[in-house]
1. Hey, among 38, 27, which residue is out of contact with any His (no Cβ under 7 Å at 6 or more places or on another chain) and at pLDDT 95 or above?
2. Could you count how many residues in the stretch 102-126 are touching a Leu at 6+ places or on another chain (Cβ under 9 Å) and closer than 16 Å to residue 6 by Cα?
3. Would a scan of the stretch 57-75 turn up a residue that is touching a residue at least 60 places away in the same chain (Cβ under 8 Å), among the aliphatic types (A, V, I, L, M) and either open to solvent by less than 30 Å² (accessible area, probe 1.4 Å) or not in a strand (DSSP E or B) (or both)?
4. Among the listed residues 37, 47, identify the single one that is aromatic (Phe, Trp, Tyr), out of contact with any Cys (no Cβ under 7 Å at 6 or more places or on another chain) and within 13 Å of residue 119 (Cα to Cα).
Amino acid sequence: QVQLVESGGGAVQTGGSLKLSCEASGRDFFSYAGAWFRQGVGKDREFVAAIKWTDGEASYADSVKGRFTVSRGDVKNTVYLQMDNLEPEDTAVYYCAAARGLRLATIDSPRFYDYWGQGTQVTVSS
């Protein structure tokens, strides 16, 4: 079964940093793109960042631009999210997602992705 596993979450103070990792089962798993979404308590799941495996092009939600950096590993089975200058509003469960190919949805939509991880908690205290 295809699996995505996130790690690196935790508790940090405002202004701190965390780096999330997402590892997929097997190699060359991310055929088109890897992404991060997050969902706070009582909120909808929202797009955070994505990276295309073809050229490494990254995209970000406006709320995290300049603070978060998405990157890929040397092999196509890992995606990272470096989070700097964290704010309490960043508190959420962060989910890794993988897209095997193009879909009708846009890359910032959950509908674009085929596989999801279980999530890792990020808590930012004020």
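The values are calculated or read from the model by the stated rules, or taken from the named source; none is laboratory data. Owing to the predicted nature of the structure, the values given are computational and were not obtained by experimental measurement. Cβ placement follows ideal geometry from the backbone for every residue including glycine, while neighbour counts extend to all protein chains displayed. All accessible areas refer to the heavy atoms of the entire protein, side chains included, with ligands and DNA or RNA removed. Shrake-Rupley method; radii C 1.70, N 1.55, O 1.52, S 1.80 Å.
1. Being out of contact with any His (no Cβ under 7 Å at 6 or more places or on another chain) and at pLDDT 95 or above holds for just one of 38, 27, which is 38.
2. So the first thing to find is which residues in the stretch 102-126 are touching a Leu at 6+ places or on another chain (Cβ under 9 Å), and the list is 111-112, 115-118, 120, 122, 124.
If we keep only those that are closer than 16 Å to residue 6 by Cα as well, we get 115-118, 120, 122.
Selection size over the stretch 102-126: 6.
3. Start the filter on the stretch 57-75 by keeping residues that are touching a residue at least 60 places away in the same chain (Cβ under 8 Å), which leaves none.
No, every residue in the stretch 57-75 fails to be touching a residue at least 60 places away in the same chain (Cβ under 8 Å), among the aliphatic types (A, V, I, L, M) and either open to solvent by less than 30 Å² (accessible area, probe 1.4 Å) or not in a strand (DSSP E or B) (or both).
4. Values: 47 fails: within 13 Å of residue 119 (Cα to Cα).
After applying the criteria, what remains is 37.
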